[in-house]
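Novice: Could you have a look at this structure, given as structure tokens, before my questions?
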Amino acid sequence: MNTGAVTKRYAVALLRLTQESGRGEQVCAQVRAMLRDSSSLPSPLEPDLQRFVALLVKNGRQEYLRRIFRTFVDLYCESAGLRHVVLTTATPAPELEKRVCKELEQRFGCRIMLETEVDPELIGGYRVEVDGKMLDATVRRQLQVLRRDFIEKTNRIV
């Protein structure tokens with residue numbers, strides 16, 4: 001079975017449902033919260049989202065839930081004229097969030113839906129993902145590049 005087709009079909013159905021009810025923004029916020037922390041469910045769950053999850057369970061499609069939700073967020077952003085941006089930092093950085101949001105809104109000429117993540121393994125710096133493209137300005141990435149360059153140069157000498 002083509003999981004991409006199943007994912008897209010259900011995500012489009014959820015988008016249409018939320019557009020009809022006018023609750024797209026609230027459902028998208030709850031979906032994003034569930035994607036960030038799958039162990040906790042928002043309370044109370046939006047009625048549209050509750051009906052949708054019940055449909056997935058009824059049809060035995062719960063294994064696609066995370067993919068469907070990710071696709072829904074992308075589709076919702078596209079339909080609402082938003083850009084979905086993921087900013088990952090080593091520590092919480094509210095000032096950086098504001099700067100990135102402002103800069104990207106000016107560059108793209110549209111509103112930004114900023115999702116932030118904290119990953120201490122980055123050591124420092126930040127990573128920004130927009131439309132499947134990534135800018136990686138992390139210390140971890142710079143160390144990887146240095147290591148690779150060092151290995152390549154020492155192999156040439158020997």
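Every number here is computed from the coordinates shown, using simple stated rules; none is lab data. Small disclaimer: the values here were computed from a predicted structure and weren't measured. Note that each Cβ is placed from the backbone with ideal geometry, even for glycine, and that neighbours are counted across all protein chains shown.
Novice: Using Cα positions and a limit of under 20 Å, work out the lysines in reach of residue 102, with same-chain residues fewer than 8 apart set aside.
Specialist: Correct list for residue 102: 133.
Novice: I've got another one for you. Can you find, among 76, 59, 24, the residue farthest towards the positive end of the dipole of the chain? Put +1 on the C-beta of Lys and Arg, -1 on that of Asp and Glu.
Specialist: 59
Novice: What share of the DSSP beta bridges in the range 82-158 is antiparallel, in percent to the nearest 5?
Specialist: 60
Novice: Follow-up question, since we're still on this one. Semi-axes, largest first, in whole Å: what does sqrt of 5 times each Cα gyration tensor eigenvalue give for the range 1-80?
Specialist: Semi-axes from the Cα gyration tensor: 17, 15, 12 Å.
Novice: Let me ask something else about it. With the contact rule set at Cα under 8 Å and sequence spacing of 6 or more, what percent relative contact order holds for the chain? Please list the in-between numbers first.
Specialist: Details: 165 pairs, mean separation 29.7, N = 158.
Contact order relative to length: 19 percent.
Novice: Can you give the convex hull volume per residue for the Cα atoms of the chain, as a whole number of Å³?
Specialist: 169
Novice: What whole-number distance in Å separates the alpha-carbon centres of the range 1-57 and the range 74-139?
Specialist: Here the answer is 22 Å between Cα centres.
Novice: Counting other beta carbons within 10 Å of each residue's own, what order do 102, 133 fall into, fewest first?
Specialist: Details: 102 11, 133 7.
By the 10 Å Cβ count, ascending, the order reads 133, 102.
Novice: Any idea how far apart residue 136 and residue 150 come out in nm if each label point goes 7 Å out from Cα toward Cβ?
Specialist: So the label points at residue 136 and residue 150 sit 1.8 nm apart.
Novice: Now, a different point. Kirkwood Rh, the range 82-158, all Cα pairs: how many Å? Walk me through the numbers before you get to the answer.
Specialist: Values: mean 1/r = 0.0722 Å⁻¹.
Across the range 82-158, the inverse of the average 1/r is 13.8 Å.
Novice: By the scheme Lys and Arg +1, Asp and Glu -1, what is the net charge of all other residues having a beta-carbon under 13 Å from that of residue 105?
Specialist: Local net charge: +4.
Novice: A follow-up question, please. Using the number of other C-beta atoms within 10 angstrom as an exposure proxy, rank 72, 150, 52 with the fewest first. Let's see the in-between values first.
Specialist: Working: 72 27, 150 10, 52 23.
If I rank by nearby Cβ atoms, fewest first, I get 150, 52, 72.
Novice: Considering the options 43, 135, 91, tell which one lies farthest towards the positive end of the dipole of the chain, charges being +1 on Lys and Arg and -1 on Asp and Glu at the Cβ, about the Cα centre.
Specialist: Comparing the listed Cα positions along the dipole, 135 ranks first.
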